[in-house]
Each structure stands twice: as C-alpha cells, then as structure tokens.
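**Q** Take this structure first; my questions come after.
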Amino acid sequence: MSRARAALAGGAEIIEVTADDTTSVQRELDSVVPAIEALISAGISAPIAIASRRALVVDQALEAGATLVRPLDGEEGSEIAEIIALHGARTVADP
C-alpha cells in the first residue's frame with residue numbers, strides 16, 4: 001500500500017498490479033486479487049491496471065476492481081481480448 005501511495009505522490013496516474021507469472025495460476029491469483037481488493041479498500045482512487053498473460057488472472061482481477069489491462073505476450077491473447085471486451089475494460093501500453 002505504501003508503494004502505491006508513494007507512486008501516486010510521485011505523479012503516477014495508474015497503479016499496476018502484477019505477479020510473477022512463472023508461478024502457478026493459483027499463486028498469481030492469490031497475489032493479485034487481494035492486492036487489488038486492498039487498494040480499493042484503502043481508498044486508492046487511481047485506476048488499477050492488471051498486467052498478466054493469463055486470461056483467468058485478467059478476468060478475476062477485473063472482477064476484483066481493476067479497470068485497465070496491460071496484456072503481456074502469451075498464448076492466451078485472444079482470450080484476454082474477449083475478457084477485456086466483456087468487462088468493458090481498457091488496455092494500456094507498456095510504460
């Protein structure tokens with residue numbers, strides 16, 4: 001939380017949440033979903049982006065409150081595009 005607040009104080013306009021995607025899907029979910037929920041609960045009002053190459057992670061992150069997606073290269077790109085459209089989310093480019 002302190003890193004998010006510091007980033008915003010330093011001029012960041014978006015908070016990006018990501019996890020090591022070399023772990024299992026479940027471990028990635030266990031990392032990003034609670035982080036997004038905590039940001040929202042703490043009153044962070046900046047848009048929250050999820051960066052992942054896994055469709056399930058993107059879907060669950062959007063369900064948790066993320067509104068932006070930075071899709072990472074991977075085999076699930078078309079599924080991620082469908083999920084983005086389904087949720088009415090937007091994509092963001094690499095920083």
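**Q** Can you tell me, using C-alpha contacts under 8 Å and at least 6 residues apart, the relative contact order of region 2-91 as a whole percent?
**A** 25 percent
**Q** Just to be sure I understand the curve: with the Debye formula and one point per C-alpha of the chain, what is log10 I(q)/I(0) at q = 0.15 Å⁻¹?
**A** Values returned for q = 0.15 Å⁻¹ are -0.52.
**Q** If exposed means no more than 15 neighbouring beta carbons inside 10 Å and the site is in a DSSP loop, what's the longest run of the chain without any exposed GluC sites (Glu not before Pro)?
**A** Result for the longest clean stretch: 14-74.
**Q** Count the net charge of all other residues whose Cβ sits under 11 Å from the Cβ of Glu28, scoring Lys and Arg as +1 and Asp and Glu as -1.
**A** 0
**Q** So, one more: Fully extended, how many nm does the chain gain between Glu79 and Ala9 (0.36 nm per residue separation, minus their Cα-Cα distance)?
**A** Gain on extension, Glu79 to Ala9, equals 21.7 nm.
**Q** Of Gly65, Gly77, Gly43, which has the largest mean-square fluctuation in a 10 Å C-alpha GNM of the chain?
**A** Checking each option, the largest mean-square fluctuation is seen for Gly43.
**Q** Helix-only mean residue ellipticity at 222 nm, the chain, DSSP H runs n ≥ 4 weighted -39,500 (n - 2.57), per residue, nearest 500. What is it?
**A** Value at 222 nm, helices only: -15000 deg cm²/dmol.
Any read-out appearing in this document is the output of simple, stated calculations on the displayed coordinates, not a laboratory observation. Here the structure is a predicted model, which means the values were calculated and not measured. Here Cβ is always computed from backbone atoms with ideal geometry, including for glycine, and neighbour counts include all displayed protein chains.
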